[in-house]
Amino acid sequence: MTDNTSSAALNRPFFCDLILAHRCFFHCQMCTQWQAPAGLPSLSFDSCRKFIDQLAEFAHRTDVNIMGGEPFLFDWLLPLCDYIADKGLNPIVTTNAYLIDEAMAKKIAHSRLKSLAVSLDAVTPSVHDTIRGMAGAHERALNALELLKKHRRKDQMLILVPLILNSNAQEMPSLLQWVKDTGAADEVSFLALVESGLVSPKEGWFRKPEYNTIWPQDSQQTSAVIDELIRMKQRGFPVGNPGAQLNAFKQY
């Protein structure tokens with residue numbers, strides 16, 4: 001491999017987000033998607049395919065994370081995943097899993113979806129439901145995980161993506177233990193809270209009133225939780241985050 005080839009490979013994107021729309025039926029505490037005014041435009045299947053065509057011209061095996069809102073609101077989501085795979089890219093979907101019934105789980109298994117990331121923020125149902133602003137969200141997510149475990153292909157990755165918040169930080173080790181005990185997912189990739197709306201970072205944004213109840217208030221306690229997650233990862237628990245990232249969470 002020449003130096004020029006190495007440089008070109010390094011300049012290719014490894015990951016991108018494809019946001020279909022600002023539409024969701026959950027009222028999550030940390031997200032403003034559900035507050036978006038009615039009538040905002042959504043991406044069409046054709047516009048997504050055009051984007052993928054252009055991306056594939058210079059990218060190879062790039063992960064394309066399809067998200068929203070809730071991407072399963074679009075009946076062409078899985079055909080889009082197939083199209084992305086046909087272009088040599090890796091389709092990933094991030095979902096609240098509320099719309100995944102047995103029929104959908106079977107369709108996912110027959111699609112070329114590479115990875116499915118499911119938002120599950122707590123072992124305790126009431127904690128997850130409160131965070132997500134939807135009664136029964138926890139029950140529906142667990143049901144979806146069971147159906148996916150039953151039907152998915154062996155080469156399809158199932159990931160849990162819990163967000164570390166003030167109300168659930170103490171549950172993160174228990175959630176990880178539950179995943180290891182049940183095999184409900186292949187790995188857990190923990191997320192840190194960011195300002196809602198994909199906005200440019202602002203100094204001290206987490207001190208805004210709307211984040212008072214969700215930003216972890218006890219930094220020492222939260223750091224201790226993260227230290228435990230690092231220890232569990234070292235003992236073989238299915239943590240997707242690199243150790244360096246978890247350590248960076250503490251400083252963050």
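The values are calculated or read from the model by the stated rules, or taken from the named source; none is laboratory data. Computed from a predicted model, the values in this text were never measured in an experiment. Note: ideal-geometry Cβ built from the backbone for every residue, glycine included; neighbour counts use all protein chains shown. Surface areas here come from the heavy atoms of the whole protein model, side chains and all, with no ligands, DNA or RNA. Shrake-Rupley method; radii C 1.70, N 1.55, O 1.52, S 1.80 Å.
Are any of the residues in segment 128-137 without any contact (Cβ under 8 Å) to a residue 24 or more places away in the chain, touching a His at 6+ places or on another chain (Cβ under 7 Å) and either buried (at least 18 other Cβ atoms within 10 Å of the Cβ) or within 25 Å of T62 (Cα to Cα) (or both)?
Taking segment 128-137 and keeping what is without any contact (Cβ under 8 Å) to a residue 24 or more places away in the chain, we get 129, 135-136.
Checking the rest, the ones that are also touching a His at 6+ places or on another chain (Cβ under 7 Å) come to 129.
When the remaining residues are screened for being either buried (at least 18 other Cβ atoms within 10 Å of the Cβ) or within 25 Å of T62 (Cα to Cα) (or both), the result is 129.
Looking through segment 128-137, at least one residue is without any contact (Cβ under 8 Å) to a residue 24 or more places away in the chain, touching a His at 6+ places or on another chain (Cβ under 7 Å) and either buried (at least 18 other Cβ atoms within 10 Å of the Cβ) or within 25 Å of T62 (Cα to Cα) (or both).
Which one of the conditions (1) modelled with pLDDT of 95 or more; (2) of a type outside the set (D, E); (3) open to solvent by less than 20 Å² (accessible area, probe 1.4 Å) does W76 fail to meet, given that it meets all the rest?
Tallying (1) modelled with pLDDT of 95 or more; (2) of a type outside the set (D, E); (3) open to solvent by less than 20 Å² (accessible area, probe 1.4 Å), W76 fails exactly one: (3).
Just to be sure I understand, how many residues within segment 219-235 are closer than 13 Å to N166 by Cα, in contact (Cβ under 8 Å) with a residue 40 or more places away in the chain and not hydrophobic (A, V, I, L, M, F, W, C)?
2
State yes or no: is I214 among the β-branched types (V, I, T) and over 26 Å from L113 (Cα atoms)? Let's see the steps before the verdict.
Numbers: among the β-branched types (V, I, T): yes; over 26 Å from L113 (Cα atoms): yes.
Spelling it out, I214 is indeed among the β-branched types (V, I, T) and over 26 Å from L113 (Cα atoms).
Where residues in segment 57-104 are among the acidic types (D, E) and not in a strand (DSSP E or B), which of them is farthest from A137 (Cα to Cα)? Write out each step before concluding.
Narrowing segment 57-104 to residues among the acidic types (D, E): 57, 63, 70, 75, 82, 86, 101-102.
Those still in the list that are not in a strand (DSSP E or B) too: 57, 70, 75, 82, 86, 101-102.
Working: E57: 39, E70: 13, D75: 21, D82: 28, D86: 33, D101: 13, E102: 16 Å.
Filtering first and then ranking leaves E57.
Exactly one of (1) open to solvent by 60 Å² or more (accessible area, probe 1.4 Å); (2) touching a Pro at 6+ places or on another chain (Cβ under 9 Å); (3) modelled with pLDDT of 95 or more; (4) not hydroxyl-bearing (S, T, Y) is unmet by V179. Its number?
Answer for V179: the failing condition is (1).
Residue under question is F58, and the condition is that it be in contact (Cβ under 8 Å) with a residue 12 or more places away in the chain, open to solvent by 30 Å² or more (accessible area, probe 1.4 Å) and among the aromatic types (F, W, Y); does it hold?
Details: in contact (Cβ under 8 Å) with a residue 12 or more places away in the chain: yes; open to solvent by 30 Å² or more (accessible area, probe 1.4 Å): yes; among the aromatic types (F, W, Y): yes.
Yes, satisfied.
Please go through segment 37-55 and pick out each residue that is assigned to a helix (DSSP H, G or I), touching a residue at least 12 places away in the same chain (Cβ under 8 Å) and over 17 Å from R112 (Cβ atoms). So that I can check it myself, show each step before the final result.
Quick first cut of segment 37-55, residues assigned to a helix (DSSP H, G or I) only: 45-55.
After this cut, where a residue has to be touching a residue at least 12 places away in the same chain (Cβ under 8 Å) as well, the list is 45, 48-49, 51-53, 55.
F51 - this is the single residue of segment 37-55 that is assigned to a helix (DSSP H, G or I), touching a residue at least 12 places away in the same chain (Cβ under 8 Å) and over 17 Å from R112 (Cβ atoms).
Checking K149 against (1) farther than 24 Å from M30 by Cα; (2) over 18 Å from the mean Cα position of the chain (by Cα): exactly one of these is not met. Which one?
Every listed condition holds for K149 apart from (2).
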